[in-house]
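*Asks:* So that we are looking at the same thing, I have put the structure below in structure tokens.
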Ligand SMILES: Nc1ncnc2c1ncn2[C@@H]1O[C@H](COP(=O)(O)OP(=O)(O)OP(=O)(O)O)[C@@H](O)[C@H]1O
Ligand SMILES: [Mg+2]
């Protein structure tokens, strides 16, 4: 009950943020906050795969990028409606995950890390070699998607839509984790051999998890293309996968809000440090080291210990 | 059921499997009859566990066939075999250490029902299915663990974990139960408890005995009747302790170096010269 109240309180505070920022004339930060939420969404998808499914995947950028490119390409082809383009972007990411997962899930451990990375890099190099996808320069959006009756051209509206989608995804994933399917995932994390022995189709269960996490990243990608005004190759690059993984570790692997906390902490830290020093990456690295050493369950774990 | 006709539940023919240059299973022919407790004995490294792997589908054979209840299952994977009614235990304990005993067994019940694949599987909380949880509690009671239902599986004793594994295997309601050294590493008391549990699986007539629990007795009997305890439970038991083998087994097969060198009623196997030479020698 208490937790529910805290969650609703936080959600309302987050919803009020653009109004506060506007009243202070800091409109720039609405865009920044939207970015935070978008990365929180992508990292939440990855956290579902890594933390709930127990699969350390190093190719999440592929699904994030596919979502963005799907929106950009559809727009280039004349489809502006978010009602159509965003579900298609999610579907494209899910389909890619289905194919990649079906192959990759035959391996495990380090091999799984390597093969997901390899697939993601293949997609990266394919996309930058495609003229119609903008090559190295990426693909600009003519304007933001239309989401009638809402006007996404308004920064605050895009922020609210992103917030609503993040909240909805968090809620749905939470339901999923507590469902019978989720209990099978929990069993898999602890003992795959035993799950097999009592008759679970282990690889199918993992594949579903992989696809769900990727679909969430696809949605985040669609949002990022709108926020950035373009789909860019850097979104597909392996460093992006690494960054998302860092967010999950920082926030707390397998924690409900691990992805959200990690994204806010990492991007927030970069933003703040970027203002005072040129070596912000160094200090971000130090911060990560500190978390890994002193808070092995991430920021979410610290929080839980306080209580 | 009234007939006493013996029917083959599992038929293994010419089964082979190698690891590198070693034929761990080297031409095994074996028939398990419905309702029997069949003991598989043999020295260390004889290939007993490998044979269990091959029957359960954890390994696929290089040659030979497996027929279960008339159907060819040679290429079936593990979960297909569980669905057909073959469930195994492991020589080394395999549990979910961070889950309660109840949740351990509930996962097995859920696996059997296969309704985690229904339309509600992704949305409805697992904790809302009281019937499934009650059934899991019944199975725990059946192996004497009702009082420990809420404890984490990682926190209970070795003997209790082995009993938990039996409850999980039974909760899938197998027609054929494969037990790989279920008494390994147990003290005398725990071993005696487990032996009684296994003996209780044989030709069990009438409604099952259930330990008293929080739920009403009638429903409990309803959930447990049929399935595992209708006298159809066939068991393949790997065990080293000869006293227990002779106490439990209807038939015994002796595996040496990947081959079955003798198979038959306990008395006959005990008298078999080849078996005495190869294996039982000093024990009898
Ligand atoms: N995965 C494997 N790779 C290589 N060799 C193996 C493998 N599994 C088993 N073996 C070998 O196959 C032979 C049979 O092993 P298995 O475990 O089936 O014997 P066992 O009869 O169960 O022995 P124990 O009584 O010690 O449990 C042994 O020589 C073993 O070393
Ligand atoms: Mg063995």
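Any read-out appearing in this document is the output of simple, stated calculations on the displayed coordinates, not a laboratory observation. Everything quoted here is computed from the prediction, not taken from an experiment. Glycine gets a Cβ as well: all are built from the backbone with ideal geometry, and neighbour counts include every protein chain shown.
*Asks:* Taking only the alpha carbons of segment A:1-48, what extent do you get along each of the three principal axes, in Å, biggest first?
*Replies:* Cα extents, longest axis first: 35, 27, 7 Å.
*Asks:* Now for a separate question. Over segment B:59-129, what number does the Rg to Rh ratio reach, with both radii from the alpha-carbon atoms and Rh per Kirkwood?
*Replies:* Working: Rg = 15.6 Å, Rh = 14.8 Å.
Result for segment B:59-129 is an Rg/Rh of 1.06.
*Asks:* Compute the Kirkwood hydrodynamic radius of the protein assembly as shown, taking the inverse of the mean of 1/r over all pairs of distinct Cα atoms, and give it in Å to one decimal. Write out the running numbers ahead of the final one.
*Replies:* On the way: mean 1/r = 0.0371 Å⁻¹.
Mean inverse Cα-Cα distance, inverted, gives 27.0 Å.
*Asks:* If a paramagnetic tag sat 7 Å from the Cα of residue B:243 along the Cα-Cβ line, which residues of segment B:175-199 would have the backbone N under 20 Å from that point?
*Replies:* So the set is B:181-199.
*Asks:* Please order A:183, B:127 by the number of other Cβ within 10 Å, starting at the fewest. Could you put the intermediate results ahead of the total?
*Replies:* On the way: A:183 22, B:127 14.
Taking fewest neighbouring Cβ atoms as first place, the list is B:127, A:183.
*Asks:* What Kirkwood Rh does segment A:2-237 have if only Cα atoms enter the pairwise 1/r average? Answer in Å.
*Replies:* Details: mean 1/r = 0.0540 Å⁻¹.
Kirkwood radius, segment A:2-237: 18.5 Å.
*Asks:* Further question: How large are Rg and Dmax for segment B:131-177 when calculated on the C-alpha trace, in angstrom?
*Replies:* Calculated on Cα positions, Rg and Dmax stand at 10.5, 31 Å.
*Asks:* Sort B:236-243, A:106-113 by packing, meaning the average of other beta carbons within 10 Å per residue, with the highest value first.
*Replies:* On the way: B:236-243: 19.4, A:106-113: 13.1.
Ranked from most to least packed, the peptides come out as B:236-243, A:106-113.
*Asks:* Using Cα-only point scatterers and the Debye equation, what is log10 of I(q)/I(0) for segment A:83-208 at each q in 0.14 Å⁻¹, rounded to two decimals?
*Replies:* Scattering profile of segment A:83-208, log10 relative to I(0): -0.93.
*Asks:* Which value at 222 nm does chain A reach when only helices count, each DSSP H run of 4 or more adding -39,500 (n - 2.57), with the total divided by all residues and rounded to the nearest 500 deg cm²/dmol? Intermediate results must be reported in sequence, preceding the final value.
*Replies:* Working: 13 runs with 226 residues, N = 307.
Roughly -25000 deg cm²/dmol at 222 nm, from the helical runs in chain A.
*Asks:* Beyond 26 Å, how much of the Cα-Cα pair distribution for segment B:14-142 remains, as a whole percent?
*Replies:* Working: 3094 of 8256 pairs.
For segment B:14-142, the share of Cα pairs beyond 26 Å comes to 37 percent.
*Asks:* Can you tell me the alpha carbon radius of gyration of segment A:110-180 divided by the globular rule-of-thumb value 2.2 N^0.38 Å?
*Replies:* Taking the Cα Rg and dividing by 2.2 N^0.38 Å, one obtains 1.64.
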